[in-house]
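Structure, as structure tokens:
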Amino acid sequence: ETPKNKKKPHPYGLLKIAQTLGANLRYLYAGDLPDDILAAKAASKKIKIRSLGFLAAAIQPAEMKRALKQAGADFLCARTSELIRLLA
């Protein structure tokens with residue numbers, strides 16, 4: 001269980017997963033909130049991870065796109081098909 005003081009944007013969860021799967025792997029973390037992007041950015045100090053802002057569920061996509069960019073998202077996708085292309 002995640003300690004209360006280590007919830008996003010703290011990278012605890014991402015680092016824990018990398019510890020289990022392998023710290024030398026490359027990761028892509030997709031999230032729909034700026035805190036997701038900030039967590040990936042913080043984790044990138046210890047593991048190879050990039051962040052993806054996913055806009056498909058956003059009620060106000062233009063505002064969320066700005067917020068995700070401001071948080072430092074490496075990639076942005078508005079649809080699942082874009083995500084699949086990025087992963088391919």
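The values are calculated or read from the model by the stated rules, or taken from the named source; none is laboratory data. Computed from a predicted structure; not experimentally measured. Every residue, glycine among them, receives a Cβ derived from its backbone with ideal geometry; neighbour counts consider all protein chains shown. With ligands, DNA and RNA removed, areas are computed over all heavy atoms of the protein, side chains included. Shrake-Rupley method; radii C 1.70, N 1.55, O 1.52, S 1.80 Å.
Mind listing the Cα extents of the chain along all three principal axes, in Å, largest one first?
The Cα atoms of the chain stretch 34, 32, 21 Å along the principal axes, largest first.
Please list 3J(HN,Hα) in residue order for region 69-85, calculated via the Karplus relation 6.51 cos²θ - 1.76 cosθ + 1.60 where θ = phi - 60°; whole Hz, with x for glycine and proline.
Rounded to whole hertz, the list is 4, 4, 6, x, 4, 6, 9, 10, 9, 9, 9, 4, 4, 5, 4, 4, 4.
Using amide H atoms built 1.01 Å from N in the peptide plane, name the residues 5+ places from residue 50, or on other chains, whose amide H lies under 5 Å from its own.
Sorted by chain and number, the residues that satisfy this are 27, 28, 29.
Where does the chain land at 222 nm, in deg cm²/dmol rounded to the nearest 500, when only DSSP H runs of n ≥ 4 count, each adding -39500 (n - 2.57), divided by all residues? Let's see the in-between values first.
On the way: 4 runs with 39 residues, N = 88.
Calculated at 222 nm, the ellipticity per residue is -13000 deg cm²/dmol.
Mind grabbing the accessible area of residue 12 for me, 1.4 Å probe, Å², rounded to tens?
About 60 Å², ignoring ligands and nucleic acids.
In nm, what is the difference between 0.36 nm times the number of residues separating residue 28 and residue 48 and their Cα-Cα distance?
Result for the pair: 6.3 nm of gain on full extension.
At what distance in nm do the modelled label points of residue 67 and residue 82 sit from each other, each positioned 7 Å from its Cα along Cα→Cβ?
1.7
Could you pull out the pairs from 7/65; 6/69; 41/69; 16/46; 45/65; 6/45 whose alpha carbons sit more than 20 Å apart here? Let's see the in-between values first.
Values: 7/65 23 Å; 6/69 23 Å; 41/69 12 Å; 16/46 11 Å; 45/65 24 Å; 6/45 16 Å.
Violating the 20 Å Cα-Cα cut-off are 7/65; 6/69; 45/65.
Between 30, 67, 57, which gets the highest mean-square fluctuation from a Gaussian network model of the chain, Cα cutoff 10 Å?
Largest GNM mean-square fluctuation: 57.
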